[in-house]
Structure formats: structure tokens, C-alpha cells
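Note sheet for the following structure.
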Amino acid sequence: MFQIGDKVVHPMHGAGVVDSIVERKIEGVTREYYLLRLPSDGMMVMIPTIQSGEIGVRPVVERDEAEKILAAIPEIKIETTQNWNRRYRENMTRLKSGNLLEVARVVKMLMLRDGERGLSTGERKMLHSAKQIFISEIVLSQDACYADVEKRIDLAVAS
């Protein structure tokens, strides 16, 4: 169980800080929820405490692990499926995994594809979301600035 002030990651929303643990009655059932404050956009996400593991909520990676993942971006191998639908599903599965390296793979693949051919509206939204998820965790892990982390990612993908 996480505590107030813990830095955690929700696979589909990104990294945030447990702001509070509240009890709420929803559809007649009273449960405890984490209120997760996402610093990147100020959004609050309510996560049932009992299902947090099932959802994939986990602690933010350690500073050195975040650094290793950033350093690995230029070496990440990208396999692109030509079929848009299959590529979208594969990338969504990678994002839902909550694995930061897989999120980095999605970011790199979509950024490279955008530079070569452009992206569909759906993939453009996915790129925005994947970058937000990736950057938010690095920012909290390294106590860094959002813009600085974004520049590092852009440089790493370009190399």
C-alpha cells in the first residue's frame, strides 16, 4: 500500500504523487482510493487502493534506473508494422505494461515515424500521451524540469 507523498506511476496517466487516501461511496460500494496528483497538468486521478496493483500502479523508478533508460534510447531497436491498426494495438499494449523502457520504445518509434512519414491523428495523440507518461516519470525520478527532460529525449531519439 502506498502512503501520502509517495511518487507513483499509473500506466495510462503517468507519474504523480499520492495526495491523499480517501474513502468514497461509488455505486453503493464504499472503498478507499488514492488521489494521485499529476504535476504535469495538475489533474487528479482517483485509483481504488485494492485494484492499484491490478491496474499496474507502481513506484517511480529510481534516479539511476531513469538515467539508464534515457541513455538506452539511441540503442532501442524499432520494428514498425505497416498495418496501422496492428501498430496501434502493439503500442497500446506497450503503454499499458507500465514498463518505462517499453514506453520509451513507443515514444522513439512514433517520433521517428512522424519525422519520416507523419502520423495519423490517433498516433499523434498516442505520441503526445506516451511522451507525457515518459517525461512525467523521469521528471519525478530525477527532480528535473519537464522542458529539460523533453530536450534530452528529443536529442536521444535524433542520435
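The values are calculated or read from the model by the stated rules, or taken from the named source; none is laboratory data. Keep in mind it's a predicted model, so treat the numbers as computed, not measured. Heads up, the Cβs are rebuilt from the backbone with ideal geometry, glycines too, and the neighbour counts pull from every protein chain shown. Note: accessible area is taken over every heavy atom of the protein model, side chains too, but ligands, DNA and RNA are not part of it. Shrake-Rupley method; radii C 1.70, N 1.55, O 1.52, S 1.80 Å.
Some points to look at:
- Highest-MSF residue in the chain out of G42, G28, G53 [GNM, Cα springs under 10 Å]: G28
- Environment charge at E116 (Cβ cut-off 15 Å; Lys +1, Arg +1, Asp -1, Glu -1): +2
- Vicinal HN-Hα couplings computed from phi for region 8-20 (Karplus, 6.51 cos²θ - 1.76 cosθ + 1.60; Hz; Gly/Pro x): 10, 10, 9, x, 9, 10, x, 8, x, 10, 5, 7, 6
- What region 42-159 shows is 54 Å² of accessible area per residue, with the surface traced by a 1.4 Å probe over protein heavy atoms.
- Gaussian network model of the chain, Cα within-10 Å springs - most flexible of Q51, Q82, Q132: Q82
- Kirkwood radius for region 26-159, taken over all pairs of different Cα atoms as the inverse mean of 1/r, rounds to 16.1 Å.
- Helix 146-158 axis versus longest C-alpha principal axis of the chain: approximately 30°, rounded to the nearest ten.
- Taken one residue at a time, the phi angles of region 57-73 give Karplus couplings (6.51, -1.76, 1.60, θ = phi - 60°) of 5, 8, x, 5, 4, 5, 3, 5, 5, 4, 5, 4, 5, 4, 5, 7, 3 Hz. Gly and Pro are set to x.
- Rounded tilt (10° steps) of 84-97 against the dominant C-alpha axis of the chain: 40 degrees
- Residue of M43, M126, M109 that the Gaussian network model of the chain assigns the largest fluctuation, springs spanning Cα pairs under 10 Å: M43
- The apolar share of the surface of the chain, taken as the fraction of accessible area on carbon and sulfur atoms (1.4 Å probe, ligands and nucleic acids excluded), comes to 51 percent.
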